[in-house]
Amino acid sequence: MPDGRGGQNEGGYGADLRVTKLTVDEVVGVVTNGRQSKGMPSFKGIIDDEKIGLVANYVKTVIKLKE
Ligand code: HEM
């Protein structure tokens, strides 16, 4: 979802990225490779590496719930 909550997919709901404990580098890894077993697709070759980095930073700054 635009605010970082997971949307519905065939297997259930995607992760709530507002509260992810992953680091920026780990978010890059998940977006690049997906979580195929959970229904998340790989974005490798769909979004270039630079933009995946920008998305990961966005998740960890703008999307992240502030304490
Ligand atoms: C069709 C679109 C997508 C689907 C169906 C989907 C689905 C999912 C699901 C089910 C999980 C949980 C995996 C698990 O429990 O291990 C997940 C995790 C994750 N997704 Fe997606 N996702 C999608 C798109 C995206 C996009 C566009 C991003 C980019 C920000 C993203 C970033 C992440 C991250 C970072 C995690 C790991 C969260 C954590 O472990 O804390 N996903 N996704």
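Which of the residues belonging to the range 33-54 are within 11 Å of the ligand (Cβ to nearest atom) and crowded, with 16+ Cβ neighbours inside 10 Å? Can you show your working first?
To start, the set of residues in the range 33-54 that are within 11 Å of the ligand (Cβ to nearest atom) comprises 33-43, 46-47, 51-52, 54.
Listed by number, the residues that qualify are Met40, Phe43, Ile52.
Of the residues making up the range 33-67, those that are farther than 16 Å from Pro2 by Cβ and assigned to a loop (DSSP other than H, G, I, E, B) are Gly34, Gly39, Pro41, Ser42, Phe43, Gly45, Ile46, Asp48, Lys66, Glu67.
State the number of residues belonging to the range 1-54 that are touching a residue at least 12 places away in the same chain (Cβ under 8 Å) and of a type in the set (D, E, K, R). Residues in the range 1-54 being touching a residue at least 12 places away in the same chain (Cβ under 8 Å) and of a type in the set (D, E, K, R): 9 in total. Only residues that are among the hydroxyl-bearing types (Ser, Thr, Tyr) and more than 11 Å from the chain's Cα centre (by Cα) were counted across the range 24-66, and they come to 2.
Considering only residues that are assigned to a helix (DSSP H, G or I), of a type in the set (Gly, Ala, Ser) and open to solvent by 60 Å² or more (accessible area, probe 1.4 Å), which ones fall in the range 1-32? Spell out how you get there, then give the answer.
Of the residues in the range 1-32, the ones assigned to a helix (DSSP H, G or I) are 17-19, 24-32.
Right, trim to of a type in the set (Gly, Ala, Ser) and you get 29.
Scanning the range 1-32 gives no hits.
Just to be sure, is Asn57 without any contact (Cβ under 8 Å) to a residue 60 or more places away in the chain and in contact with a strand residue (DSSP E or B) (Cβ under 8 Å, 6 or more places away or on another chain)? The answer is no for Asn57.
Looking only at the range 13-29, decide whether some residue is more than 8 Å from the ligand (Cβ to nearest atom) and among the hydrophobic types (A, V, I, L, M, F, W, C). Scanning the range 13-29 turns up at least one residue that is more than 8 Å from the ligand (Cβ to nearest atom) and among the hydrophobic types (A, V, I, L, M, F, W, C).
The values are calculated or read from the model by the stated rules, or taken from the named source; none is laboratory data. All figures in this text were calculated on a predicted structure; none of them were measured in a lab. Ideal geometry is used to build each Cβ from the backbone, glycine not excepted, and the neighbour counts take in all protein chains shown. Ligands, DNA and RNA are stripped out before the accessible areas are found, and what is left, the full protein with its side chains, is counted by its heavy atoms. Shrake-Rupley method; radii C 1.70, N 1.55, O 1.52, S 1.80 Å.
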